[in-house]
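Worksheet: the structure to be examined is printed underneath.
Rule-based calculations on the coordinates, nothing more; no lab input. Every value quoted in this text rests on a predicted model; they were computed, and no experiment measured them. Every residue, glycine among them, receives a Cβ derived from its backbone with ideal geometry; neighbour counts consider all protein chains shown.
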Amino acid sequence: MAEPTIFDLSVPGRKGVTFPDSDVPETALPEGFLRDQLAFPEMSEMDAVRHFTSISQKNYAIDLGFYPLGSCTMKFNPKINEVTSRYPGFACTHPLQPIESVQGNLYLMFTLQEMLKEIAGFAGVTLMPSAGAQGEMVGTMIIHKYHHDRGDQQRTRMLIPDSAHGTNPASSAMLGFEIVPLPSDSRGNVDLEALRGLCDDRLAGLMLTNPNTLGLFDENVAEVIRLVHQAGGLVYGDGANMNALLGVFRPGDVGIDVLHFNLHKTFSTPHGGGGPGSGPVAVQKHLLPYLPDPIVGIIEEGDEETAPLYGFIHPEKSIGRIKTFYGHFGVMVRAFTYISMLGQAGLRDIAEMAVLNANYLQEKLKHTYTLPYDRKCMHEFVLEGHWKDLPGVHALDIAKRLMDYDFHPPTNYFPLIVPEALMIEPTETENKETLDRFVDAMLKIADEAKNQPELLHDAPHNTPVRRCDELKAAKDLVLCCYSGDLLGG
Amino acid sequence: MFTPHTKNDVEVMLKSIGVEKLEDLFDVIPAEFRYPDLNLAPRLSEMEAAAELENIASANATTKEYLSFLGAGAYDHYIPAAVDNLLQRGEFYTAYTPYQPEISQGTLQAIFEFQSLICRLTGMDVSNASHYDGATAAAEAAILALGHFRNKRKKILVSRSVNPQFRQTMRAYTQAHEDLQIVGDEIETGADLEKLIAMIDHDTALVLVQYPDFFGRIVDYKKLIETAHAYGALVAMAVNPTAMGMLTPPGDLGADIALGEGQPLGIPLSFGGPYLGFFAVKKDLMRKLSGRLVGETTDVEGKLAYVLTLTAREQHIRREKASSNICSNQGLMTLAATIYMTVLGKFGFRQVSNLCYQKAHYAAKQISQLEGFSLVDPDTPFFHEFVVKCEKPVDDILDHLLAHEIFGGYKLENDYPEMKNCLMLAVTEKISREDIDYLCEVLEEVNHG
């Protein structure tokens with residue numbers, strides 16, 4: 001049954017959480033500025049709790065099952081992260097407190113910057129970006145400003161491989177770059193010939209996702225970077241897929257100029273049903289002056305007896321401020337906790353088990369589903385979710401049918417270069433039994449596609465709602481519970 | 001630590017893949033770069049990590065132990081227990097973006113309710129599923145307005161009494177628009193509304209004001225809105241959501257866009273984030289909205305369902321032609337805000353709004369009666385934040401208060417060089433009369449010290 005909304009459940013006069021009466025002499029309200037009514041719900045606390053508990057049960061979540069969502073790195077979110085980030089010592093600090101009163105926070109941020117620098121091989125890190133997309137934007141802002149400062153205004157082209165993440169073009173467009181798509185070669189690497197043809201003085205940069213969205217590590221990465229640098233461009237690294245590389249490879253070592261991380265993917269912070277993320281950005285030495293303002297640094301060195309004083313540093317040619325305060329601090333505490341529990345050996349184990357799981361699944365599935373690039377993969381791989389002799393069956397049908405087997409579907413229809421793509425990323429936290437159950441379901445679905453295709457077309461069958469009419473949603477545009485007088489409704 | 005593989009699992013899986021050892025899975029990585037030595041501290045067990053983090057946290061002073069009058073964009077409100085308790089349900093916080101509506105109705109319905117609450121709070125027609133924070137919401141308003149006029153209007157007017165961080169972020173976001181002018185917030189214009197109104201012209205795409213403004217003042221923007229509309233410009237109002245429990249909402253005042261920092265809606269201070277930016281528009285701007293939107297529909301059986309809609313505006317479909325590059329929203333923070341507004345409800349929400357107003361006015365009155373302190377703008381109504389001019393240097397006052405475990409407020413000279421010796425204080429429902437009296441006592445010592 002559909003759960004009523006909070007407005008359906010509202011009863012005039014009912015109260016939830018209330019506050020004490022005022023303990024100060026009354027001041028008259030500002031006449032002429034007052035609103036008549038506030039059409040908020042009126043519910044008891046228990047009714048509200050039941051409502052939100054009830055709708056929560058209509059969600060799939062990592063805590064419930066396997067989430068092989070490619071490029072999203074849906075790994076387990078350790079419970080300890082939720083405890084440490086809620087310590088009052090962190091949660092009850094105001095961002096404008098005097099720095100002497102928040103040395104714990106600043107130490108944590110400074111150390112996390114150092115950890116990320118070390119893990120990826122860079123000279124500096126900003127923790128300010130709110131999410132991967134904002135990290136990308138910061139990266140492209142830095143590239144934009146760098147060229148402008150050097151009088152290289154004619155560098156307006158940003159090359160984006162067709163196997164890159166989908167947000168890259170929009171992030172570059174925010175800075176006015178002309179987006180030039182770069183094809184992949186037959187092995188899924190950047191096409192070097194095409195790249196050579198674009199290396200001229202209009203080149204601002206290349207946005208490289210490596211491993212790319214096919215889950216493949218570019219076999220010519222060093223050459224790609226060399227070509228771009230030789231032409232005076234910078235290389236942006238999309239670090240969304242860093243899970244494959246932890247403790248194994250540092251993008252900075254091979255010459256990537258600027259890279260963003262996704263703390264909510266690689267470093268286990270929860271996705272929260274769509275956010276908050278956190279997208280720190282790392283840069284090489286020549287780009288340090290362009291980092292957002294401010295970053296955390298040591299402003300008074302310590303000695304054996306006194307700890308250093310941490311504070312804020314304002315990079316001299318900064319691209320500016322890209323959000324309020326300093327970033328998603330609560331997310332940083334979680335990532336810090338996670339990295340502290342891994343160390344070098346633990347990080348390497350993460351990457352190895354993530355890549356092992358992906359290759360295991362790829363091996364088990366590639367005989368039934370077309371694997372367009374048959375190479376060892378990194379943390380994820382892409383299958384084609386259709387068969388030539390079954391024109392009526394699409395990747396979407398397979399995705400929806402997986403829900404009937406209690407799995408979250410893989411990412412589908414991305415990357416765009418694989419027809420009917422199913423992009424599968426198991427992550428390192430899944431055990432072999434779960435992977436085997438997933439393989440069984442996928443093989444069974446392939447069989448159903450042949451023999452009982454209606455099971456796929458009608459799927460899902462057992463979910464809280466079944467396939468939804470997205471056209472109707474876009475046509476009717478019911479975007480809120482109208483209170484009667486809005487939109488004439 | 002978080003990998004379940006036994007030695008046997010690894011062996012069986014490697015064999016199945018057809019390689020001998022784990023290293024073989026990485027042979028595509030150039031050997032000279034493989035397996036770098038990382039200078040990281042040795043790993044901790046969960047028990048040790050919990051203690052280590054507690055130790056780090058203990059180096060902070062908190063608003064729990066200290067009396068705090070800090071605001072300036074982040075406010076210390078009481079958060080009902082139900083908010084965090086529900087937030088910690090794994091079904092909510094370990095879910096992904098609701099791209100698969102069949103198994104995401106919980107998140108989708110919560111966002112739909114969030115959008116509805118924000119529309120009611122601001123008096124607007126359509127709200128998105130949130131931006132990162134108030135500052136990025138302000139930046140998105142600039143981008144929306146420029147796009148609305150197809151980049152033909154080259155001017156954005158922004159009042160100096162808009163949160164400085166919002167203005168900085170707006171400038172950073174538009175740094176590649178070389179012929180764009182963001183003006184109106186110069187020292188010379190000050191927070192003079194008449195001067196700002198006089199700057200509105202046919203080249204103006206957007207006028208951004210704050211309500212209550214950064215200094216807490218409740219300003220009448222009627223004439224500004226009328227003038228902007230006479231020139232065809234859009235008006236965006238950055239609002240404090242708590243104040244909306246009491247004040248005429250921007251929708252009723254004629255604003256085209258209402259946006260703001262959603263942190264006061266049940267989100268902990270957490271040293272500045274994660275928060276949420278709310279963003280709502282009038283009906284005719286609906287298709288220009290960036291960010292996620294949830295709409296109502298039905299499933300194949302005719303059952304009511306919610307889905308992400310109008311996705312054709314978004315980056316993953318339109319790529320470089322998208323209205324913005326944003327792809328996430330502040331999912332869990334919007335859930336916190338939704339639960340907060342629901343459990344407070346009509347009565348509790350208005351109560352908080354009124355308590356903030358009453359206590360702030362008591363505090364302002366008491367402080368202004370002290371020798372050496374006066375209100376900067378005693379004749380303009382204000383909500384829960386106000387500016388005090390001090391005879392002594394603000395740094396000395398703040399240091400003295402800190403020594404008495406009081407965060408005394410925000411030193412405005414940090415952002416406004418013309419406002420020397422000005423201290424801004426915020427008062428929420430958590431502050432008692434006793435707290436205010438104690439603050440005054442300590443302030444009095446400053447003068448005699």
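Just a few scattered comments:
- Taking 20 Å as the cut-off, the amide N atoms of region A:337-358 that come nearer than this to a point 7 Å along the Cα-to-beta-carbon line of A:VAL83 belong to A:337-343.
- Approximate spin-label separation A:HIS229-A:GLU305, in nm, with each point projected 7 Å along Cα-to-Cβ: 4.6
- Set of lysines near B:LYS152 by C-alpha distance (under 28 Å), chain-local residues within fewer than 8 positions excluded: A:LYS145, A:LYS323, B:LYS195, B:LYS222, B:LYS223, B:LYS282, B:LYS283, B:LYS288, B:LYS321
- A:ALA28-B:ASP252 FRET efficiency (beta carbon distance; Förster radius 25 Å; 0.05 resolution): 0.75
- Sorted ascending by nearby beta carbons within 10 Å, beginning with the fewest, A:MET403, A:MET207 become A:MET403, A:MET207.
- Counting, for every residue in B:5-18, the Cβ atoms of other protein chains within 10 Å of its Cβ and taking the mean gives 4.
- Förster radius 30 Å - calculated FRET efficiency between B:LYS365 and A:ARG35, Cβ distance, rounded to 0.05: 0.75
- Estimated distance in nm for a label pair at B:GLU20 and A:ALA474, the labels positioned 7 Å out from Cα along Cα-to-Cβ: 5.4
- Acute angle (nearest 10 degrees) that the helix B:46-57 long axis makes with the longest principal axis of chain B, alpha-carbon atoms: 20
- Distance in nm between pseudo-label sites at B:LYS321 and A:SER44 (7 Å out along the Cβ direction from Cα): 5.5
- Figure legend: label point modelled 7 angstrom from the Cα of B:LYS223 along Cα→Cβ; residues of region B:372-412 with amide N under 18 Å from it are B:379-381.
- Most simply put, the protein assembly as shown has about 60% antiparallel DSSP beta bridges, counting only bridges with both residues inside it.
- Residue exposure proxy: A:LYS432, B:LYS152, ordered by other Cβ atoms within 10 angstrom of their Cβ from fewest to most, comes out as B:LYS152, A:LYS432.
- Fraction of antiparallel bridges per DSSP, chain A only, in percent to nearest 5: 55
- Label zone at A:ASP21 (point 7 Å along Cα-to-Cβ), backbone N below 16 Å, region B:414-449: B:433
- Stretching B:LYS154 away from B:SER58 to a fully extended chain increases their span by 29.6 nm, per 0.36 nm per residue minus the current alpha-carbon distance.
- Percent of beta bridges antiparallel (DSSP, region B:186-267, rounded to nearest 5): 0
- For A:LYS317 and B:ASP399, the FRET efficiency from 1/(1 + (r/R0)^6), where r spans their Cβ atoms and R0 equals 30 Å, is about 0.35.
- For a straight C-alpha distance cut-off of 29 angstrom, the lysines reachable from A:LYS450 (same-chain residues fewer than eight places away being disregarded) are A:LYS364, A:LYS366, A:LYS376, A:LYS388, A:LYS400, A:LYS432.
- Candidate aspartates and glutamates for bridging to B:LYS365, where Cα separation is under 15 Å - those fewer than 8 sequence places away on the same chain excluded: A:ASP23, A:GLU26, B:ASP377, B:ASP379, B:GLU385, B:GLU434, B:ASP435, B:ASP437, B:GLU441, B:GLU444
- Packing order of peptides B:72-85, A:268-281, highest average first: A:268-281, B:72-85 (average count of other Cβ atoms within 10 Å over each peptide's residues).
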